[in-house]
Amino acid sequence: MAKKEVVLTQDGLKKLEEELEYLKSVKRREIAARIKQAIDFGDISENSEYDEAKNEQAFVEGRIAALEEKLRNAKLIDDVDISTETVSIGSKIKVKDLDTGDVFEYTIVGSAEANPIEFKISNESPVGSALLGAKKGSVVEVNVPAGLIRYEIMDIMK
C-alpha cells in the first residue's frame, strides 16, 4: 500500500517535530512516573489511577507513531517554491466574499497543518482545493454544505 505524502510548510514541520520531542522526552516520563506510583498503591486490578495512566500511555504511544509516520512521509514546501502568481500550498491569500463583502486572509497548507482557528486551510478542503491554481483578481466559486461561496482573490503572498 502506498504511503500518503504529507505536505508541510517549514513552520508545520517544526511544530510536528516539537510535539514529537515533547511526547518522547517529557510526556513518556510523566506517564511512567504515574504508572509506577499507581503500582506502588498495591493491587492494580481495581486501581483506577493505573488504568487511567495505561490508557494515556496507549494514546501517547499512538500519537508518537502517527507523528513519526507523518514525518517519514513529509514533503517540505520551501518558501522559494511558493508562487505569488497563483495560489499554491504555502500561499497566504487575501480573499473577499462577494456575497457578504467580508475579507479574509488564509494560508493554504497540507491537511496535517490545517487549523481553521488560525485561518490555515487544507489544500484538500473544498475551499482550499477550489482556490489552488487561481490567480489574483479571479473569482472562485466553492460549493460548501451551506451553499455556494464566491471569493475574489485580492492578493497572493508568501
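Some points to look at:
- Here the 3J(HN,Hα) profile of segment 5-15, calculated from phi with Karplus coefficients 6.51, -1.76 and 1.60 at θ = phi - 60°, is 5, 10, 8, 9, 7, 4, 5, x, 4, 4, 5 Hz, Gly and Pro shown as x.
- Counting 0.36 nm for each residue step from Arg29 to Thr86 and taking away their Cα separation leaves a gain of 15.9 nm.
- ³J(HN,Hα), Karplus 6.51/-1.76/1.60, whole Hz, each residue of segment 33-44, x for Gly, Pro: 5, 5, 5, 4, 4, 5, 5, 4, 5, x, 3, 8
- Nearest-20 debye value, segment 1-57 charge dipole, Cβ charges on Lys, Arg, Asp, Glu: 360
- Given charges at Cβ of Lys, Arg, Asp, Glu: the chain dipole, positive-most of Val7, Val26, Val142: Val7
- Residues in segment 9-52 that a label on Ile64 would reach, taking backbone N under 16 Å of a point 7 Å out along Cα→Cβ: 17-36
- Percent antiparallel among DSSP beta bridges (both partners in segment 12-158, rounded to 5): 85
- Think of each Lys and Arg Cβ as +1 and each Asp and Glu Cβ as -1; about the Cα centre, that makes the dipole of the chain roughly 460 debye.
- Set of lysines with alpha-carbon distance to Lys54 below 16 Å, sequence-local pairs under 8 removed: Lys24, Lys27, Lys36
- The lysine pair tally for segment 79-157, using Cα distances under 13 Å and a gap of 8 or more places or different chains, is 7.
- Residues of segment 43-87 with amide N under 17 Å of the 7 Å Cα→Cβ point at Phe119: 87
- Distant-in-sequence amide H partners of Ala112 (H built 1.01 Å from N, under 5 Å): Val7
- The overall shape of segment 79-157, judged from the alpha-carbon gyration tensor, is oblate: a/c is not under 1.5, and a/b is no greater than b/c.
- Convex hull volume of the Cα atoms of segment 6-77, normalised per residue: 68 Å³.
FYI, it's all coordinate maths here, none of it is from the lab. Note that the structure is a prediction, hence the values are computed from the model and not measured. Heads up, the Cβs are rebuilt from the backbone with ideal geometry, glycines too, and the neighbour counts pull from every protein chain shown.
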